[in-house]
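Comments concern the structure below.
What follows draws every value from the coordinates through simple rules; no lab data is involved. Because the structure is a prediction, the values reported are computed rather than measured. Every residue, glycine as well, gets a Cβ built from its backbone with ideal geometry; the counts of neighbours run over all protein chains shown.
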Amino acid sequence: MKIVAETVQSEAFAHSLLDKIRRFLSHCGLPDALQGVYDPWIYTVIVAFAALAAMCILRFFASQLCAKLRHRKKGTLSHEIADSQLIARLLWTLPPLVVLIMLQLAFTHLSPALQFVERLCAIAVVSITVWAINTLITAIWNVISAKGDLRNRPMKGLAQIIQGIFIAMGVIISVSILIDRSPITLITGLGAFAAVLMLIFKDTILGFVSGVQLSQYDMVRKGDWIEIPGTPVNGTVLDVTLNTVKVQNFDNTYITLPPYTLISQPVQNWRGMTESGGRRIMRSYTIDLNTVRFCSPEMLDSLSDIELLKPFIAQKRAEQAAGNVINTDDPAGCVNGSIDTNLGLFRAYLTLYLKNNPNIHGEGYTLIVRSLEPTENGIPLQIYCFTQTTDWVSYESIQSEIFEHIAAIMPRFELYPFQNASGRDYITQSLLSAGYRLEHIAGAPYGMTHDNTPGSTAVTPQPSGSSPSISVQPPTP
């Protein structure tokens, strides 16, 4: 009953306003025949201006309310609603809605022009409502994406598809209002164009399906380092939307690709490495097979000066004396290696070196120093371990330090890496063939000569800052 009474009062107000307009036009001397033409338009303009004035007043109070809500904690729904100007946008429905209602209350029959205005007002109400709903969805998405467990999930595409559904509904309703047909009839008619629509929106449909799979199975998140073999994609995921995935490569270039590429092709995601806290080192040195030999007692005595190897060599010698040598990991704490060959002893040293390196993971992570299958270049000695950090710069620094140490300590074990012959090798070989003594050839290639000081791996020294050179002494008669 209250609603009916308010409707009657509104209708009475509309007719009263219309009567005043007609009296005003009559007082201005306008003929009665023209009053019926002008009074609906004047009435519409007055109502529209009144509604705009009311909207401006309400927007002022809404802005004051939003200013208070912005002071709340960021990430809350009230803060996001205030920040997105949702209330201000929703108030834009007031002028067309008031005009639409007041026209229906004042007139029983409208001219074609006013009917068109009425439809435009209805379309404006629908459009602004869809705009406000999508703004609310964005605010809700911002709140959800700020949560820790959902912050990096690729769910932005889901929010976009929901917004797209509301936009499609708004378009269908607006078109049905404009042509004065039922939305159901319009949707039924669109069924014949389903194949065309699927072709047009193929990427959108595939993007939606891919977005659901990426989110459901947590395959890719914002901030992940991904790599797609066979493509230039190798970098950090910046954003995953309905139609595109944006990746910043490590050379600071950007690549955009459709989401279904992450489903249809193999993708290497380095997130597991980052979350585990350890990054793998897997690199090999190729040892010259000609330098692998049995360890002599003198070599073992010399290498016992190395603190890491001293307990190992002593224990292995004791095992040899007892006739029970264990050359693999055992409960006694021996590492994988032996004192039979210089390569086996070198493996033991590197294993101990890595286990005592504070930058290398120990328990819970694989740590292996192993000999791989020999090749025509020699026998590869592989280092397989994990660093304590996943930071790229720190990782490369640790890896470089390890292999620089290997290169420097290798001659202590009378082992040398394989490398292709250079001009210096050929010159040295020619000088040796000509009768020159090796100790008289300064700058001999790596591994050909070293001093007799225990622990030294240096070749005949060059003057500081000078370029490498070959200095020749005359052959001894």
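Find the all-direction average of the projected area of the Cα convex hull for segment 219-270, expressing the result in square nanometres with one decimal place.
3.1 nm²
If we count other beta carbons within 10 Å of each Cβ, what is the order of Arg424, Arg181, fewest first? Can you show the working numbers first?
Values: Arg424 16, Arg181 12.
If I rank by nearby Cβ atoms, fewest first, I get Arg181, Arg424.
Starting from the amide H of Arg279, placed 1.01 Å from N in the peptide plane, find each other amide H under 5 Å away whose residue is 5 or more places distant or on another chain.
Placed amide hydrogens put Thr387, Thr389 under 5 Å from Arg279.
Using 0.36 nm per residue, how much length does the chain from Ile140 to Leu114 gain when fully extended, once their Cα-Cα distance is taken away?
Working: separation 26, 0.36 × 26 = 9.36 nm, distance 3.89 nm.
Gain in length upon complete extension: 5.5 nm.
Just to check I understand the Karplus step: with θ = phi - 60° and J = 6.51 cos²θ - 1.76 cosθ + 1.60, what whole-Hz values come out for segment 51-59, glycine and proline as x?
Once rounded to whole Hz, the list reads 5, 5, 5, 4, 5, 4, 5, 5, 5.
Would you kindly derive the ³J(HN,Hα) couplings of segment 127-140 from the backbone phi angles with the Karplus curve 6.51 cos²θ - 1.76 cosθ + 1.60 (θ = phi - 60°), listing them in order in whole Hz, with x for Gly and Pro?
Calculated HN-Hα couplings, in order: 5, 5, 5, 5, 4, 5, 5, 5, 5, 5, 4, 4, 5, 5 Hz.
Which whole-Hz couplings ³J(HN,Hα) result when phi for each residue of segment 290-296 is put into the Karplus expression 6.51 cos²θ - 1.76 cosθ + 1.60, θ = phi - 60°, listed in order with x for Gly and Pro?
Going residue by residue, I get 5, 9, 7, 8, 6, 7, 8 Hz, with x marking Gly and Pro.
What list of whole percents do you get for P(r) of segment 263-302, with Cα-Cα distances grouped in 10 Å bins up to the one holding the largest distance?
For segment 263-302, the binned pair fractions read 18, 22, 20, 17, 17, 5, 1 percent.
Calculate, in nm to one decimal, what Ser302 and Lys246 gain on full extension: separation in residues at 0.36 nm each, minus their alpha carbon distance. Provide the component values of the computation, followed by the final result.
On the way: separation 56, 0.36 × 56 = 20.16 nm, distance 5.86 nm.
Here the segment from Ser302 to Lys246 would lengthen by 14.3 nm.
Under a point spin-label approximation (7 Å from Cα along Cα-to-Cβ), what is the Ser264-Ser63 distance to one decimal in nm?
5.0 nm
If I model a spin label at Thr231 and Ile42 as a point 7 Å from the Cα along the Cα→Cβ vector, what separation in nanometres do I get?
For the pair Thr231/Ile42, the computed spacing is 6.7 nm.
What GluC sites (Glu not before Pro) in segment 329-411 are in a loop by DSSP, with at most 12 other Cβ atoms within 10 Å of the Cβ?
Details: sites: Glu363, Glu376, Glu396, Glu401, Glu404; in loops: Glu363, Glu376.
Listed in order of number, the matching sites are Glu363, Glu376.
Mind checking the full-extension length gain between Arg283 and Ile101? Use 0.36 nm per residue of separation minus the Cα-Cα distance, one decimal, nm. Walk me through the numbers on the way to the answer.
Values: separation 182, 0.36 × 182 = 65.52 nm, distance 7.79 nm.
Contour length minus Cα-Cα distance gives 57.7 nm.
Would you work out the charge dipole size for segment 277-413 about its Cα centre, treating the Cβ of every Lys and Arg as +1 and the Cβ of every Asp and Glu as -1, and quote it to the nearest 20 debye?
Values: 11 positive and 16 negative charges, 26 e Å.
Using only the charged Cβ atoms, the result is roughly 120 debye.
Please find the FRET efficiency linking His405 to Asp180, where r is the Cβ-Cβ separation and R0 is fixed at 60 Å, and quote it to the nearest 0.05.
Values: r = 84 Å, r/R0 = 1.41.
About 0.10, to the nearest 0.05.
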